[in-house]
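> Got a structure for you, questions after.
Each value in this text was obtained by applying a stated rule to the coordinates, not by laboratory testing. Just so you know, these numbers come straight off a predicted model, no measurement behind them. Positions of Cβ are backbone-derived with ideal geometry, glycine not excepted, and every protein chain shown enters the neighbour counts.
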Amino acid sequence: DAEIRRFHTILKPQLKTIKSDLHIVKKSFRDAVLKFLQQLKFHPDITLRSLSFRLNFNEFYKVSYTSKSTA
């Protein structure tokens, strides 16, 4: 009973904070990877353009070509 109260009063709010922080980090990482892949796609060096394909071979990170360019 005391353990359940401890969970609800201390641990549950901490878990919510951690989950929120993790979501922010996840979005930041995804945005950085998408930006990197976008830049690689249009790089003049063919080796780097092919690196873009190899890094995203299964198209997990969808690169949007309609978004504004960040060169």
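> Using a cut-off of 19 Å between alpha-carbon atoms, which aspartates and glutamates can reach K35, once sequence neighbours fewer than 8 places away in the same chain are excluded?
Correct list for K35: D45, E59.
> What net charge is computed for the residues neighbouring H43, neighbours being all others with C-beta under 14 Å from the C-beta of H43, Lys and Arg scored +1, Asp and Glu -1? Can you show the working numbers first?
Values: positive: K35, K41, R49, R54; negative: D45.
For residues surrounding H43, the net value is +3.
> Another question, if that's okay. For every other residue with a beta carbon closer than 14 angstrom to the beta carbon of Q14, add +1 if it is Lys or Arg and -1 if Asp or Glu, then tell me the sum. Numbers along the way, then the final one.
Values: positive: R6, K12, K16, K19; negative: D21.
Residues near Q14 contribute +3 overall.
> Counting chymotrypsin sites (Phe, Trp or Tyr not before Pro) as exposed when in a DSSP loop with at most 10 other beta carbons within 10 Å, what is the longest stretch of the chain free of them? Write down the numbers at each step before the final one.
Details: sites that count: F57, F60, Y65.
Of all site-free stretches, the longest is 1-56.
> Taking every alpha carbon pair in the chain, what does the distance histogram look like in 5 angstrom bins from 0, in percent?
Going out from 0 Å in 5 Å bins, the chain shows 3, 15, 17, 14, 11, 7, 7, 7, 6, 6, 4, 2, 0 percent.
> Rounded to the nearest 10 degrees, what's the angle between the helix 46-55 long axis and the longest principal axis of the chain, both from Cα atoms, 0 to 90?
Between the helix axis and the principal axis of the chain, the angle is about 30 degrees.
> Provide the net charge surrounding S28, with neighbours chosen by a C-beta distance below 11 Å and charges set as Lys +1, Arg +1, Asp -1, Glu -1. Before the final figure, lay out the partial values.
Working: positive: K26, K27, R30, K35; negative: D21, D31.
Here the charged neighbours net out to +2.
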